[in-house]
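These notes are about the structure you will find just below.
The values are calculated or read from the model by the stated rules, or taken from the named source; none is laboratory data. Everything numeric here is computed off the predicted structure, so don't read it as measured data. When we count neighbours, we look across all protein chains shown, and the Cβ atoms used for this are built from the backbone with ideal geometry, even at glycine.
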Amino acid sequence: MPVHCGALILAAGKGTRMHSALPKVLQPLLEEPMLEYVLAALRPLFGDRIMTVIGHGAPAVRAAMRPTALFVEQRQQLGTGHALKTALPALRREGIHRVLVVNGDMPLVSANTLRLFMEQAGTASMAVASLMLPDPGSYGRIVRNDGVFAGIVEAKDYQNERYGVPSGEVNAGVYLLDLDAVEPLLAELSNANASGEYYITDLAGLALNAGLEVKAVPCGSDVALLGVNTPAELSAAEELLRRRIVEQHLQAGVMIHHPDSVCVGPNVRIEPGAVLYGPCRVLGRSRLARGASVEAFCTLIDADVAAGAVIHAYSHIQEAVVGEGCLVGPYARLRPGAVLEAEAHVGNFVEMKKARLGRGAKANHLTYLGDADVGAGSNIGAGTITCNYDGVYKHRTTIGERAFIGSNTSLVAPVTVGAEALVGAGSVITRNVPDGMLAVARGRQTVLPKKKIKKD
Ligand code: UD1
Ligand code: CA
């Protein structure tokens with residue numbers, strides 16, 4: 001792409017039809033913001049020459065996106081034409097003369113579709129991507145006279161008497177503009193229309209009137225160009241994306257059982273030979289290595305699962321590392337900072353947070369390990385709790401290698417249990433246990449003759 005080309009994403013709108021407090025472009029699809037998909041489609045074509053117009057919820061949009069993104073703020077959202085006008089000085093500063101403008105609410109858009117559109121747009125002063133839909137709905141209608149493109153009329157302003165029965169050819173919301181040609185026309189945009197907004201779409205008619213070359217490029221019924229304005233459209237787009245991603249992993253050699261109920265995020269990496277059972281969700285920047293397996297009803301977010309590890313059903317894993325050959329769950333919860341070294345086992349109703357289980361260590365039942373470090377080969381008995389929080393501060397528990405913590409033990413942090421130490425079941429451990437020692441901290445059992453209770 002020549003250096004004078006760039007892209008502009010229009011993302012300042014509120015998204016009223018979403019009925020949500022979240023700015024529309026931050027609405028998640030497979031847990032990634034809508035805008036991220038549009039950026040991902042543009043990056044291969046434009047690198048970092050991509051500018052985004054933000055406005056509604058601007059601080060939230062800035063915070064959610066990469067710090068490298070270029071933003072222009074449209075303080076009042078007076079329409080898509082006004083958004084372009086607002087961005088113009090910034091585009092000029094970047095030395096951009098030819099700009100691909102894309103609506104920010106097109107999460108299905110792909111680099112390929114955009115590349116084809118630009119090829120067909122050629123050197124026209126303005127080109128618009130058009131889409132054929134069975135029902136033109138709320139899309140701007142492409143108007144043609146005897147097949148020759150004559151402009152775009154917004155749905156709210158469309159009158160059959162004046163423009164004829166709509167053909168189903170609509171404006172996708174993707175434009176290629178020669179800024180030198182189009183800039184003088186921006187001043188002519190008017191908001192005297194049904195929405196009281198300055199429409200970017202009016203530029204087509206103005207450019208035609210000015211004798212410029214303006215093209216409407218038919219892009220068939222490519223779903224990549226569908227816009228998302230309502231919860232129903234969001235859900236439909238998310239489902240299309242989900243299927244697309246699952247299909248890509250199947251083709252790459254990932255084993256997916258019940259693929260219709262498997263959600264995999266766009267930034268997840270799965271090696272061929274990993275196995276997923278639906279329903280499950282693998283999201284964020286999760287990584288699954290060859291031979292790793294994730295059973296039904298699991299959620300993984302930013303999880304790193306090494307080769308041969310098995311995540312049994314109903315486990316929830318977030319920002320955690322599961323080493324080679326580990327066994328997790330069913331019903332395990334690994335919270336941020338949980339690290340399982342190779343061959344470690346975490347069983348049912350075990351929760352870990354900022355805690356490491358060394359190689360081959362086991363916590364198989366009903367346990368909480370928070371701010372803890374457990375040495376290799378140790379065994380954590382059922383019902384063990386690290387009491388890490390004193391109401392104000394968090395404290396660490398350190399357990400050496402090959403230690404044995406008896407069932408129903410409370411480890412009151414900060415506390416250290418040495419290597420090969422043994423803690424008796426039911427203990428409340430408040431002082432350090434040196435290497436190789438036995439600690440028992442519980443009431444001694446007394447056994448007394450049973451009193452006879454007489455019945456009257
Ligand atoms: C727009 C087009 C319509 C097209 C449809 C395709 C206009 C006037 N109409 O309609 O012809 O068929 O997209 O999906 O452009 N935005 C701003 N600033 C604003 C207003 C909107 O940045 O002041 C952004 C929005 O965040 C959104 C995009 O522009 O990402 C399009 O706005 P939206 O309100 O969704 O336009 P549509 O009614 O869908
Ligand atoms: Ca829209």
Qualifying position, being closer than 14 Å to Leu30 by Cβ and touching a residue at least 24 places away in the same chain (Cβ under 8 Å), among Cys280, Cys263: Cys263
Contact list please: Cβ distance under 6 Å, first residue in the stretch 75-93 and within 18 Å of His4 (Cα to Cα), second residue within 10 Å of ligand 1 (Cβ to nearest atom), pairs at least six apart or on different chains. Leu84/Ile200; Ala87/Leu8; Ala87/Val53; Ala87/Val72; Ala90/Val72
Search result, residues across the stretch 1-24 that are among the aliphatic types (A, V, I, L, M) and away from ligand 2 (no atom under 13 Å from the Cβ): Met1, Val3, Ala7, Leu8, Ala21, Leu22
Quick check on the stretch 238-248. Is at least one of its residues touching an Asp or Glu at 6+ places or on another chain (Cβ under 7 Å) and of a type outside the set (Val, Ile, Thr)? no
Expected output for the stretch 1-23 (first residue closer than 29 Å to His97 by Cα, partner acidic (Asp, Glu) and within 15 Å of ligand 1 (Cβ to nearest atom), Cβ below 9 Å, 6+ apart or cross-chain) is Leu10/Asp105; Ala11/Asp105; Ala12/Glu73; Gly13/Asp105
Could you list all residues from the stretch 156-180 that are of a type outside the set (A, V, I, L, M), in a strand (DSSP E or B) and within 16 Å of ligand 1 (Cβ to nearest atom)? Glu169, Asn171, Gly173, Tyr175
Kindly indicate the residue of the stretch 224-277 that is in a loop (DSSP other than H, G, I, E, B) and buried (at least 21 other Cβ atoms within 10 Å of the Cβ) and also nearest to the chain's Cα centre (by Cα) among those meeting that condition. Gly265
Members of the stretch 1-24 that are touching a His at 6+ places or on another chain (Cβ under 9 Å) and assigned to a helix (DSSP H, G or I): Lys24
Provide a single number: the residues in the stretch 432-446 that are in a loop (DSSP other than H, G, I, E, B), β-branched (Val, Ile, Thr) and surrounded by 13 or more Cβ atoms within 10 Å (Cβ to Cβ). 1
Residue satisfying condition, being at pLDDT below 95, of a type in the set (D, E, K, R) and either touching a Leu at 6+ places or on another chain (Cβ under 7 Å) or over 27 Å from Phe46 (Cβ atoms) (or both), within set Asp157, Asp146: Asp146
Got a number for residues in the stretch 328-343 being surrounded by 20 or more Cβ atoms within 10 Å (Cβ to Cβ) and assigned to a strand (DSSP E or B)? 4
Scan the stretch 3-32 for residues that are within 18 Å of Ser110 (Cα to Cα) and buried (at least 23 other Cβ atoms within 10 Å of the Cβ) and jot them down. Gly6, Ala7, Leu8, Ile9, Leu10, Ala11, Val25
Within the stretch 125-138, is even one residue away from ligand 1 (no atom under 16 Å from the Cβ) and closer than 16 Å to Leu176 by Cα? yes
Subset of the stretch 159-180, residues surrounded by 15 or more Cβ atoms within 10 Å (Cβ to Cβ) and either in contact (Cβ under 8 Å) with a residue 60 or more places away in the chain or of a type in the set (Asp, Glu) (or both), comes to Glu169, Ala172, Gly173, Val174, Tyr175, Leu176, Leu177, Asp178, Leu179
Between Gln318, Gln251, which is away from ligand 1 (no atom under 16 Å from the Cβ) and within 22 Å of Phe349 (Cβ to Cβ)? Gln318
Restricted to the stretch 25-49, and to residues that are assigned to a loop (DSSP other than H, G, I, E, B) and away from ligand 1 (no atom under 13 Å from the Cβ), which residue is nearest to Leu225 (Cα to Cα)? Leu30
Report, ordered by the first and then the second residue, all pairs with beta carbons closer than 7 Å, sequence separation of six or more or different chains, a first member in the stretch 35-55 that is within 23 Å of His82 (Cα to Cα), and a second member that is among the charged types (D, E, K, R) and assigned to a strand (DSSP E or B). Ile54/Glu73; Gly55/Glu73
From the list Ala216, Ala313, pick out the single residue that is assigned to a loop (DSSP other than H, G, I, E, B) and touching a strand residue (DSSP E or B) at 6+ places or on another chain (Cβ under 9 Å). Ala313
Collect the residues in the stretch 114-126 that are among the polar types (S, T, N, Q) and surrounded by 21 or more Cβ atoms within 10 Å (Cβ to Cβ), keeping them in residue-number order. Ser125
When you scan the stretch 374-385, do you find a residue that is modelled with pLDDT of 95 or more, outside any strand (DSSP E or B), crowded, with 24+ Cβ neighbours inside 10 Å and among the hydrophobic types (A, V, I, L, M, F, W, C), even just one? no
Tell me which residues, restricted to the stretch 25-40, are within 16 Å of ligand 2 (Cβ to nearest atom) and touching a strand residue (DSSP E or B) at 6+ places or on another chain (Cβ under 8 Å). Val25, Leu26, Gln27, Met34, Leu35, Tyr37, Val38
